[in-house]
1. Only one of (1) among the small types (Gly, Ala, Ser); (2) without any contact (Cβ under 8 Å) to a residue 40 or more places away in the chain; (3) under 19 Å from B:Leu32 (Cβ atoms) fails for B:Ser130. Which number is that?
2. Quick one: would you say A:Gly294 is assigned by TED's automatic domain parsing to the domain that holds A:Ala163 and exposed (fewer than 15 other Cβ atoms within 10 Å of the Cβ)?
3. If a residue has to be open to solvent by 50 Å² or more (accessible area, probe 1.4 Å) and either of a type in the set (Asp, Glu) or facing chain A (nearest Cβ under 9 Å) (or both) to count, how many in the stretch B:1-18 make the cut?
4. Here are B:Ser3, B:Ser105, B:Ser71: which of them is under 29 Å from A:Leu223 (Cβ atoms) and at pLDDT 95 or above?
5. From the list B:Ala45, B:Ala30, pick out the single residue that is farther than 27 Å from B:Arg188 by Cβ, buried (at least 24 other Cβ atoms within 10 Å of the Cβ) and within 7 Å of another protein chain (Cβ to nearest Cβ).
6. If the requirement is being of a type in the set (Gly, Ala, Ser), in contact with a helix residue (DSSP H, G or I) (Cβ under 7 Å, 6 or more places away or on another chain), on the phi > 0 side of the Ramachandran plot and open to solvent by 30 Å² or more (accessible area, probe 1.4 Å), which of these qualifies: A:Gly287, A:Gly299?
7. Could you tell me which numbered condition A:Asp56 fails, if it satisfies all but one of (1) assigned to a loop (DSSP other than H, G, I, E, B); (2) over 21 Å from the mean Cα position of the chain (by Cα); (3) more than 11 Å from chain B (Cβ to nearest Cβ)?
8. Does the stretch A:6-27 hold any residues that are in a loop (DSSP other than H, G, I, E, B) and modelled with pLDDT under 90, and which are they?
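The values are calculated or read from the model by the stated rules, or taken from the named source; none is laboratory data. Note that the structure is predicted; figures quoted are calculated from it, not measured. Reconstructed Cβ throughout: ideal geometry from the backbone, glycine too, with neighbour counts over all protein chains shown. Protein only, heavy atoms only, side chains kept; ligands, DNA and RNA dropped before computing areas. Shrake-Rupley method; radii C 1.70, N 1.55, O 1.52, S 1.80 Å.
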2 protein chains.
Amino acid sequence: MPSGEDDLIARYFKPIATDPGALGLTDDAAILKGGGDDLVITTDAIVEGVHFRTSDPPETVARKALRVNLSDLAAKGATPAGFVLTLALRELDERWLAAFASGLSDDAITFDCPLLGGDTVATPGPLTMSITAFGRAPRNGMILRSRAQPGDRIAVSGTIGDAALGLAILSGNVTVSDPRICEPLIERYRIPQPRVHLAPAVRDHARAAMDVSDGLAGDLAKLCRASGVSAIIDAAAVPFSEAAREVIEQGKASFASAVSGGDDYEILCTVAKGHWDDFAQAARSAGVAVTSIGEVVAGNAAPKWRDAKGGDIALPPLSYSHF
Amino acid sequence: MPSGEDDLIARYFKPIATDPGALGLTDDAAILKGGGDDLVITTDAIVEGVHFRTSDPPETVARKALRVNLSDLAAKGATPAGFVLTLALRELDERWLAAFASGLSDDAITFDCPLLGGDTVATPGPLTMSITAFGRAPRNGMILRSRAQPGDRIAVSGTIGDAALGLAILSGNVTVSDPRICEPLIERYRIPQPRVHLAPAVRDHARAAMDVSDGLAGDLAKLCRASGVSAIIDAAAVPFSEAAREVIEQGKASFASAVSGGDDYEILCTVAKGHWDDFAQAARSAGVAVTSIGEVVAGNAAPKWRDAKGGDIALPPLSYSHF
C-alpha cells in the first residue's frame, strides 16, 4: 500500500533519478562510484520568503536551488556528478510539485547532474529545501578560495549586479517600466546561470576561486581574507549588462548596490599573470566571458575600489548575514 | 568584518570539522578523497514539531539528526566518512546552538564521522535541519533492500518498539509512572543507537537490509515489496526490551503499536541460511544482539505475522506517510 509520499516520489522524482546509483529512489541510500578523483561536496538550503518568493514560479525555484550548488562546483573547478534533495512541504500540492519537478528535471539533464536521492517531509512552516551536490575534481585539484597571491589578476565571469537589481524591481524598491530592462534582470534573479563551462579553465589556470553569491564586493573581501591578501579593483572594469548599466545611469540604483547585491552566481577567481592568456583563451573556448577587474596585492587591508581617476570608492558594509 | 553567521560557524561548528577535507569550513565546498570504494549517500530532513519536540534538549536533537543517517549507512553495510548539515534557524540563540553543537560534536567523535560542510540560513518557520551523510563500502558492496530471496532468515537487531512507546509516554498517550520503565523508553526515542558496529556483519553476510525507521511491520513490507517476496514472521520471536514488554503486558500499549511505531533505528536484514551462523557470530563479535524473527517466502502477499499457535495476527495499516 504505497503512501502518498511514495506515490509522489515515484511520479515526480524517479524520472530525474537517471543514474544507476540512485537505485530508482527505492532504497535508503544512493551509490556514487569511487575512482581516482576527489569528490567535491557543497550544500545549500533555501527557504520560502527568505531565498525565494512565494509567488516565484516553482520551475524557477527548483532550477535556482540546483543552480546555486552547480555554481559552487564550477567555481571549485569540479564537474557535476549528482545531487540529493530534501524537501519540507506544507502540503502535497500536486500542481506545485509537478512544476517543481519539471524545472528540476530540465536542469538535471542540462547540467548532466542526476538526482541521487532525497527525503520529503511535512512542515507547518515555509517551504524549505536543501540540496547537497557532488562534483568530481582531479586528486588534490579542487580550487580553494585561500590560495590567491599578490600579483595575481582578479577575474570575474559574466556580468555583475543583474540579479540584485532584478530583486529590487520585483520588491518594488526600484521602479523600471521598460520590459527590455526589467525582464532580463528579473530573469537573472530567478534563474542564475552557473558557469559550469568555465570549470575546466578554473581548474587548469586559477590560483584561487569562489562563486559570487553574496555580492562581488563582500565575496572578494572573503577571498582576500581567506588568502591573507588584499586587492585593488578598477571599478570601471566591472562588467555590467546593458540593462544594469541603464538602471545605474538613470540613477535608479547605485554602483555600490550593484556590486554589493547578491545572487550573481558568477565566478570570481585570481590567476597568476603567467597563466592569464591561457585562462582567457580557455574561457573563450568555453564561451564564457571573463573580465579582468583588478589585481591581488600584499596586505591585510580590505580590498580597495578605485574610480577612473584613481580615487577610492567607499562601499557600504559588505558582509551579508542571514541574521 | 565577520558576520554573526561566520562567527557562529567558527565558534560552534569548526571544532567538529576535524577532517582535512572540511577545510575548516572556510571554503565553499568540501573534499572527500576518492579511492576504490563506493560512496554511500543518505539524506534526512527533520522539522521541529514534526520529527522532534520543541522541548527536546538541543543535544539530543543534534544527536538524533546525525544518528538517523548513521543508521541508514550501517544498514547498507557502509562505514561513516562524514556529513554535511544545513540548519534553518529562527534566530541565533547561542545557548541552543552551543548545546546543539556539543551533542553533534560528541557523536561526530563517537562515530568517527566528521562534519565536512554546511549552510546556515534564517527561517521564519520551525527549526529545520537536513543532514547528508557519507559512508564507504567496497565496490558494488552496498547492501540493497531489494535482494531478499525465499528461504532467507529474517533478522532484526536490538529491540523493537521502545522509541514509539517512549514517544507515546512523552505525548501523554500512554501513562506510565515507573521511571525504570519510562526513562529507557524515552531515552530510546530521543537518542537512537545506530548499529554501526553491525555494518561489517551486514556487509559480509546479509542478502538484503534496511534500517527500521517507520515501524518494523511497515519497513518489512517495504523490503519484501522491493525484493518481490513475502515473509512469515513469528510474532513471539520479536525482541522487546523489558520495559516495552512490561508496558504491553500491562495492556497500556498493544503488540501492534510496538511493531508499527517508528524510530527504532534497528537493522532489518535477510540472511541466506548458509550464512546464518557466520552472521550470528559476526554480530556477537560486534556486540550487537540480533534475533531471527521469521523467514522470507515466495509470493507478493503482505508479510504474515503468526502468533504462538500459528494463527494470523492482524496489524493496522502499515505505511507511514508524512502527509
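1. All conditions pass for B:Ser130, except number (2).
2. Against the criterion (assigned by TED's automatic domain parsing to the domain that holds A:Ala163 and exposed (fewer than 15 other Cβ atoms within 10 Å of the Cβ)), A:Gly294 does not qualify.
3. Count: 4.
4. B:Ser105
5. Sole residue among the options that is farther than 27 Å from B:Arg188 by Cβ, buried (at least 24 other Cβ atoms within 10 Å of the Cβ) and within 7 Å of another protein chain (Cβ to nearest Cβ): B:Ala30.
6. Of A:Gly287, A:Gly299, the one residue that is of a type in the set (Gly, Ala, Ser), in contact with a helix residue (DSSP H, G or I) (Cβ under 7 Å, 6 or more places away or on another chain), on the phi > 0 side of the Ramachandran plot and open to solvent by 30 Å² or more (accessible area, probe 1.4 Å) is A:Gly287.
7. Unmet for A:Asp56, out of (1) assigned to a loop (DSSP other than H, G, I, E, B); (2) over 21 Å from the mean Cα position of the chain (by Cα); (3) more than 11 Å from chain B (Cβ to nearest Cβ): (2).
8. Within the stretch A:6-27, A:Thr26 is the sole residue that qualifies.
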